[in-house]
Amino acid sequence: MQISKSLKRLIYWELGIPLTLLTIGIYHGLMQTVYRAGIIHQSSFAHLEYYQGLTLHGVINAIVLTSFFAVAFGHATIAYYLKREPHKWVAWLSFWLMTVGTVMAAWAMLSGKASVLYTFYPPLKAHPLFYLGAALLIVGSWVPLFSWANIYMAWKRENPETKTPLAVLGTLVNFTIWFVCTLAVAYEVLVLLLPWALGWRATVNVTLARTLFWFFGHALVYFWLLPAYTMYYTMLPKLAGGKLFSDLAGRISLFLFLLLSVPVGVHHQFSDPSIPRGIKMFQGLLTFGVAIPSFITAFTLAASLEYAGKKRGSRGLLGFFGKLPYLDSSRYLFAYLICGLILFIFGGLTGIVNASGVLNAVVHNTAWLPGHFHMTVAGPVFLSIIGMSLFLYSGISGKPIFLPRVNVIIPYLWVIGILIFSTGLSWGGLIGEPRRTNLGMTYLNPKNELFTPEWVPTTTLALAGGIIMTFAALLFFIVFFGTMFSKKTAAGKLELPVTEVLHDEKRIPLFDSFKPWLIIMAIIIVISYVPAFISASQNPGPGAPPFTPDNPVPQQISKSNPYNQ
Ligand code: HAS
């Protein structure tokens, strides 16, 4: 399909900017493993502080890359399936808001004024431009939803009896979740953090800020995941040489995400005071509920892959695994997607451990957590983002993939790296290794009295995995930028792999309409969050003065601050 020059240019920039910044994000990922393995015994390296690097790593990889990509992918799916391009000025407004926001936050992080990590929990305090930048990036990323919704409603009026294409449903569900959850973080930033960062208020209600953050924060992880799920349902079976086992399964799964992505954030706060136990239990149960659409996805995709394998001549119960096009460089997107799925089996299982209140007490704030989330966000999410970025770029520009044989092995290298890395972290977490800690300063420094030799093998494993991951990422940069700088050999067009459906169930209005699901979503959110917000507001504790991560003493102490008494 031909698209306008403006949309082409927009998609190039929305892929190119975050992938360029990703070089910084990946470097700081490697440095994390180096510091933690005790190779460096200092608080900084090459004029960048440990927490400054960790903030850059988290914000670039988990917020900037994912948001820019989700918007570019959203433009592509809507334009491709509904045959209408998003309104030009809305799309460019979104781009500029995201870009200006990123520049503001990047300045604050690079100048060392915002080492507050990607969760920016108070009492860690950042420069006001960091908060403003983050707010602009987020607002910019949901602006296109209004244009897409408009296009969708027009399409629906013309095609009332046609099922909404699954990829379009995926994009709309995802951005609806995103819009709803970002309202809480906007409130946190604009009403709590910004006035505090500007010095207009002396203290901040930490529990309320954290509760608002996690209202946003867990839905955020599904905002990362749903573009990958959209690719799994609508592209992977085709790339494997088969069909999607059931279209309805995909719809049910997407609508369940709409219901359950937001009202589970308190599972990040099982150890926080000021949140009623009943709410922790309720949201804990809903967390098991939000695993259901992923189980549905696992079985549906396994059946689709089995069908593909059988069509390619496999025999026996599990023979289909051996017949999939793992190393076919002309279908490299398959490799990126299947590798993400393999990692997600472990990412999902560790997530279910986290969700259990009792087990959570063992793993919370330990290295187990980054072990879990590197098999989710650095698994299916990251691999589908980089694979699809390459696919979109090469297709739209008409440029062939640079080093195609190298390209197809990158995701496998990444899987090996992540599995070693996450094994080190998960094992370390189970024996008490903390997350977000520069272990090289103390626990992994043999000259320090706190030296903990049990964590030598775990952090060394994580370092080995980190080196392999960095090598895979380097190869990806060579392939992506090599493609960018190579000569055009075909007319550029927007093409997406389109999967046929094996069991194409007839249209059920309930699964083709947003209204009932939005109403239920609102009800569950009110039940699960209103008591948490009331309790956090009524029991704020003494209020926290601002801290920086490298100093246990508050930054400024005012008379109104109870810590001063
Ligand atoms: Fe999580 C913490 C629970 C999913 C990301 N999570 C985090 C953090 C991040 C994160 C970033 O309950 C840390 C935040 C921080 O900085 O503090 N998580 C879950 C649960 C799920 C889950 C129950 N998480 C994700 C996803 C993420 C993500 C997805 C990113 C994209 N997580 C938690 C909890 C915490 C947490 C607690 C807080 C812990 C604490 O104490 O702080 C579920 O959604 C997982 C369901 C998934 C499955 C897997 C299905 C498997 C599939 C693959 C099938 C494979 C096939 C291929 C078919 C049930 C679909 C086979 C082919 C072959 C060739 C083999």
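The values are calculated or read from the model by the stated rules, or taken from the named source; none is laboratory data. Keep in mind it's a predicted model, so treat the numbers as computed, not measured. All Cβ positions, even for glycine, are placed from backbone atoms using ideal geometry, and neighbour counts span all protein chains on display.
Being more than 13 Å from the ligand (Cβ to nearest atom), touching a residue at least 60 places away in the same chain (Cβ under 8 Å) and assigned to a helix (DSSP H, G or I) is a property that A184 lacks. For region 72-88, the set of residues classified as touching an Asp or Glu at 6+ places or on another chain (Cβ under 6 Å) and closer than 16 Å to I17 by Cβ consists of A72 only. Screening Y131 against (1) buried (at least 22 other Cβ atoms within 10 Å of the Cβ); (2) not in a helix (DSSP H, G or I) leaves a single unmet condition, (2). Applying a threshold of 7 Å to beta carbon distances and a minimum spacing of six or more residues, or different chains, the list of pairs starting in region 1-18 at a residue that is more than 18 Å from T483 (Cα to Cα) and ending at one that is surrounded by fewer than 16 Cβ atoms within 10 Å (Cβ to Cβ) and acidic (D, E) reads M1/E495.
Looking across region 293-316, the residues that are within 11 Å of G242 (Cα to Cα), away from the ligand (no atom under 12 Å from the Cβ) and in contact with a helix residue (DSSP H, G or I) (Cβ under 8 Å, 6 or more places away or on another chain) come down to Y307, K310, R312. Applying the selection to region 354-391, what residues are within 8 Å of the ligand (Cβ to nearest atom), under 19 Å from G424 (Cα atoms) and of a type in the set (V, I, T)? If the condition is that a residue be within 8 Å of the ligand (Cβ to nearest atom), under 19 Å from G424 (Cα atoms) and of a type in the set (V, I, T), then V363, T376, V377 are the ones that fit. Would you confirm whether or not region 47-59 contains a residue that is of a type outside the set (D, E) and over 24 Å from the mean Cα position of the chain (by Cα)? Yes, because at least one residue in region 47-59 is of a type outside the set (D, E) and over 24 Å from the mean Cα position of the chain (by Cα).
Test G428 against the stated conditions and say whether it is more than 19 Å from the chain's Cα centre (by Cα), small (G, A, S) and closer than 30 Å to K488 by Cβ. Judged against the criteria, G428 is not a match.
Table: residues versus (1) modelled with pLDDT of 95 or more; (2) under 17 Å from N360 (Cβ atoms); (3) touching a Lys or Arg at 6+ places or on another chain (Cβ under 6 Å).
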position: G250; (1), (2), (3): yes, no, no
position: F255; (1), (2), (3): yes, no, no
position: L260; (1), (2), (3): yes, no, no
position: P263; (1), (2), (3): yes, no, no
position: H268; (1), (2), (3): yes, yes, no
position: S271; (1), (2), (3): no, yes, no
position: I275; (1), (2), (3): no, yes, no
position: L285; (1), (2), (3): yes, yes, no
position: A291; (1), (2), (3): yes, yes, no
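Would you check if P144 is of a type outside the set (G, A, S) and assigned to a loop (DSSP other than H, G, I, E, B)? Judged against the criteria, P144 is not a match.
With respect to the conditions (1) modelled with pLDDT of 95 or more; (2) surrounded by fewer than 20 Cβ atoms within 10 Å (Cβ to Cβ), F175 falls short on a single one, namely (2).
The residue pairs whose first member lies in region 461-490 and is under 29 Å from L425 (Cα atoms), whose second member is part of a loop (DSSP other than H, G, I, E, B) and small (G, A, S), and whose beta carbons are closer than 8 Å, counting only pairs six or more residues apart or on different chains, are A462/A37; A462/A367; L463/A37.
Could we say that R331 is more than 12 Å from the ligand (Cβ to nearest atom), charged (D, E, K, R) and in a helix (DSSP H, G or I) here? Spelling it out, R331 is indeed more than 12 Å from the ligand (Cβ to nearest atom), charged (D, E, K, R) and in a helix (DSSP H, G or I).
When the residues of region 500-540 are filtered to those that are in contact (Cβ under 8 Å) with a residue 40 or more places away in the chain and of a type in the set (G, A, S), the one that is nearest to L256 (Cα to Cα) is S528. Selection of helices (runs of 4 or more DSSP H) fully inside region 206-292 by the criterion of at least 3 residues being within 12 Å of the ligand (Cβ to nearest atom), over 18 Å from the mean Cα position of the chain (by Cα) and buried (at least 24 other Cβ atoms within 10 Å of the Cβ) returns 236-240. Just one residue in the set G38, G53, G74 is in contact with a helix residue (DSSP H, G or I) (Cβ under 6 Å, 6 or more places away or on another chain), of a type outside the set (D, E) and not in a helix (DSSP H, G or I); that residue is G38.
Of all residues in region 318-334, none that is without any contact (Cβ under 8 Å) to a residue 60 or more places away in the chain has its Cβ atom under 9 Å from the Cβ atom of a residue that is β-branched (V, I, T) and surrounded by fewer than 18 Cβ atoms within 10 Å (Cβ to Cβ), 6 or more apart or on another chain.
Would you check if there is a residue in region 119-127 being more than 30 Å from F511 (Cα to Cα) and of a type in the set (A, V, I, L, M)? Yes; the residues of region 119-127 include at least one that is more than 30 Å from F511 (Cα to Cα) and of a type in the set (A, V, I, L, M). Given the condition in a helix (DSSP H, G or I) and under 25 Å from the mean Cα position of the chain (by Cα), answer yes or no: does some residue in region 497-517 qualify? Yes: one or more hits.
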